[in-house]
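Here the structure comes first, spelled out in structure tokens, and everything after it is commentary.
The values are calculated or read from the model by the stated rules, or taken from the named source; none is laboratory data. Small disclaimer: the values here were computed from a predicted structure and weren't measured. We place every Cβ from the backbone using ideal geometry, glycine too, and count neighbours over all the protein chains shown. These accessible areas exclude ligands, DNA and RNA; they are computed on the full protein's heavy atoms, side chains included. Shrake-Rupley method; radii C 1.70, N 1.55, O 1.52, S 1.80 Å.
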Amino acid sequence: MNQILVTEKLYITPEFKRKRMLYKIEFFLSVFLVFALFSYYVYAEYDRNKNEKVSQEILNQIAATNSIIYTASNGVEYETDAILNIPRLGINYPVLTDTSDELLEISLNKYWGPDPNEVGNYCIVGHNYRNGKMFGTLSSIKNGDIAELTDGYGRRIKYQVYDKYVVKPTDTGCTTQHTNGQKELTLITCTNYGKERLVVKCRAI
């Protein structure tokens with residue numbers, strides 16, 4: 001019996017203790033990393049939902065007052081250009097007049113072009129969220145689908161999708177204002193984990 005105990009102790013070498021300690025450290029680090037990633041996901045989702053409420057708040061104020069500047073419950077003033085509605089995809093958001101990282105967290109932004117519903121190429125950018133918010137469902141759009149743009153004067157014009165493609169972030173050719181005198185609408189969002197841009201081209205009908 002004593003011989004068995006001695007034999008077992010011989011296997012617990014310093015090297016074995018070191019490896020066991022490393023395994024414990026790796027285990028706790030893995031648990032911490034999973035917890036940190038989960039916490040980040042929960043916070044990011046909470047933040048998106050909070051910003052979504054602000055966006056819908058602005059949308060409701062537009063319907064009620066038909067103004068262009070709105071003060072949300074967070075105390076911030078937002079200037080709007082238009083409302084974009086794509087019925088088949090359930091996209092219905094105000095288009096904020098300026099573009100910035102902060103404003104993109106709130107709603108769709110005007111990126112380039114003339115006033116809404118005027119001759120030229122009116123370009124809108126928005127985040128592609130996995131939960132389907134903002135332009136999260138834009139990749140499902142098809143040629144022939146209808147997008148409606150309502151401007152500050154209450155004019156609502158329907159635009160029909162005629163092209164959809166992917167470009168590199170440095171390719172801004174889709175924002176050209178050469179439209180042969182027609183009214184066009186260009187929708188832009190990230191795709192392929194932010195490495196490329198999805199472009200949707202529409203024309204007034």
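Residue pairs whose Cβ atoms lie under 7 Å apart, separated by 6 or more positions or on different chains, with the first residue in the range 125-141 and in contact (Cβ under 8 Å) with a residue 24 or more places away in the chain and the second in a loop (DSSP other than H, G, I, E, B) and surrounded by fewer than 21 Cβ atoms within 10 Å (Cβ to Cβ), are 125/99; 128/136; 129/136; 134/127; 135/127; 137/90.
A single member of 170, 150 is out of contact with any His (no Cβ under 8 Å at 6 or more places or on another chain) and exposed (fewer than 12 other Cβ atoms within 10 Å of the Cβ), and it is 170. Total residues in the range 161-180 satisfying the condition of being outside any strand (DSSP E or B) and among the hydrophobic types (A, V, I, L, M, F, W, C): the figure is 1.
Scan the range 181-189 and give yes if some residue there is surrounded by fewer than 20 Cβ atoms within 10 Å (Cβ to Cβ) and either outside any loop (DSSP other than H, G, I, E, B) or without any contact (Cβ under 8 Å) to a residue 12 or more places away in the chain (or both), otherwise no.
no
State all residues of the range 45-68 that are at pLDDT below 85 and open to solvent by 80 Å² or more (accessible area, probe 1.4 Å); if no residue qualifies, say none. Correct list: 46, 50, 63, 64, 65, 66. Please tell me if residue 77 is surrounded by fewer than 19 Cβ atoms within 10 Å (Cβ to Cβ) and closer than 27 Å to residue 177 by Cα. Considered against the rule, which asks whether it is surrounded by fewer than 19 Cβ atoms within 10 Å (Cβ to Cβ) and closer than 27 Å to residue 177 by Cα, residue 77 comes out as no.
For the range 142-180, which positions are hydrophobic (A, V, I, L, M, F, W, C), closer than 19 Å to residue 120 by Cβ and touching a residue at least 60 places away in the same chain (Cβ under 8 Å)? Step through it out loud before you land on a result.
Going through the range 142-180, the residues hydrophobic (A, V, I, L, M, F, W, C) turn out to be 146-147, 149, 157, 161, 166-167, 174.
Adding the requirement that they be closer than 19 Å to residue 120 by Cβ leaves 147, 149, 157, 161, 174.
Scanning the range 142-180 gives 147, 149.
Answer with yes or no whether residue 158 is charged (D, E, K, R), under 23 Å from residue 97 (Cβ atoms), part of a strand (DSSP E or B) and open to solvent by 60 Å² or more (accessible area, probe 1.4 Å). Lay out the reasoning, then the answer.
Values: charged (D, E, K, R): yes; under 23 Å from residue 97 (Cβ atoms): yes; part of a strand (DSSP E or B): yes; open to solvent by 60 Å² or more (accessible area, probe 1.4 Å): yes.
So residue 158 passes the test.
Counted as qualifying within the range 47-103 are the strands (runs of 3 or more DSSP E) with 2 or more residues that are free of Cβ contacts under 8 Å to residues at least 60 places away in the same chain and more than 18 Å from residue 124 (Cα to Cα), namely 69-71. Listed by first and then second residue, the pairs linking a residue in the range 26-42 that is under 19 Å from residue 130 (Cβ atoms) and of a type in the set (Lys, Arg) to a residue that is open to solvent by less than 100 Å² (accessible area, probe 1.4 Å) and at pLDDT below 60, with Cβ atoms under 9 Å apart and 6 or more places separating them unless they lie on different chains, form an empty list.
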